[in-house]
1. Is it true that some residue in segment 228-243 is touching a Phe, Trp or Tyr at 6+ places or on another chain (Cβ under 7 Å) and farther than 28 Å from R205 by Cβ?
2. Given the conditions (1) under 14 Å from I133 (Cβ atoms); (2) buried (at least 24 other Cβ atoms within 10 Å of the Cβ); (3) among the aromatic types (F, W, Y), and given that Y160 satisfies all but one, which numbered condition is not satisfied?
3. Please go through segment 172-190 and give me each residue that is in contact with a helix residue (DSSP H, G or I) (Cβ under 6 Å, 6 or more places away or on another chain) and under 23 Å from L267 (Cα atoms), ordered by number.
4. Across segment 123-161, what is the number of residues that are more than 22 Å from Y187 (Cβ to Cβ), assigned to a loop (DSSP other than H, G, I, E, B) and touching a strand residue (DSSP E or B) at 6+ places or on another chain (Cβ under 9 Å)?
5. How many residues does segment 195-232 contain that are of a type outside the set (G, A, S) and not in a strand (DSSP E or B)?
Amino acid sequence: MRDRVRVVVQGRGRRSRRAGFAGALWAVGELAVTVGVVVMLLVVHQVWWTNRQALRAAHAVVRELEQGEGQGASSSEWSEGEGEGGAEGEADADPSVGPAEAADGSSGEATGSSGPRAARPQPRESAYGILRIPRLGVAVPVAQGVDKRSVLDKGYAGHYTGTAQPGAEGNFALAGHRNTHGEPFRYINRLRAGDELIVDVRGKRYVYLVGQTLAQTTEHDTGVIAPVPRSTVTPGAGYSEPGAYITLTTCTPEYTSKYRLVVWGTLKR
């Protein structure tokens with residue numbers, strides 16, 4: 001009998017499996033590229049475009065305030081403080097509020113050398129003053145409150161509700177973004193003792209001199225915006241005597257909101 005010859009064809013199943021695996025890898029690769037492009041566009045929007053928009057808008061507000069166009073709407077909301085130690089010249093910091101995330105400048109003397117007299121704004125979202133930081137070339141609108149969407153994301157410096165008014169006894173505390181949305185406080189870590197922080201409100205100018213910097217503290221360190229600012233986390237950081245202070249707070253390290261960076265100054269008499 002003739003032996004039967006069997007012909008076995010091998011490899012077709014393997015090739016099919018390999019083709020299916022390669023197709024799956026290709027699909028995963030396409031998905032990864034698509035996700036990567038979307039993430040990149042979101043990053044560009046958040047880091048670059050929001051900066052351009054907020055910075056342009058904030059500069060426009062600064063120009064309006066400088067020209068007096070924005071003063072008329074807010075001037076009726078202000079009243080003169082009652083002088084040093086006056087009831088309207090001070091405000092205690094709200095202990096439930098911690099440090100929030102968040103152009104050219106010229107120097108000048110603070111007004112009211114015989115005693116701080118400060119205009120007092122009612123809470124609202126529109127800008128009522130200008131903070132100038134000559135060393136950094138920053139001029140940023142100041143608005144009441146530290147709400148992210150209505151104040152900080154506009155590129156403004158937000159005035160902590162319950163803290164003192166510009167030029168008054170107590171602590172005039174501000175928050176601003178360090179990254180994105182105009183990032184007005186991005187480089188406040190570069191400020192040094194003696195640098196000027198100038199606040200212009202309704203034709204009045206208050207000049208503060210940087211005294212101390214707290215490189216890092218927690219978001220719950222409410223002591224840094226107290227009437228006499230003093231860290232409750234870092235012993236020895238801050239002040240122990242009443243006075244007229246300014247506080248700038250922002251997030252640190254850059255592109256995170258894990259900690260807070262704090263700069264303090266005192267009113268130039």
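Where a number appears in this text, it was derived from the coordinates with a stated rule and is not lab data. Everything quoted here is computed from the prediction, not taken from an experiment. Positions of Cβ are backbone-derived with ideal geometry, glycine not excepted, and every protein chain shown enters the neighbour counts.
1. no
2. (1) is the only condition that Y160 fails.
3. Matches in segment 172-190: A173, Y187.
4. 8
5. Residues in segment 195-232 being of a type outside the set (G, A, S) and not in a strand (DSSP E or B): 13 in total.
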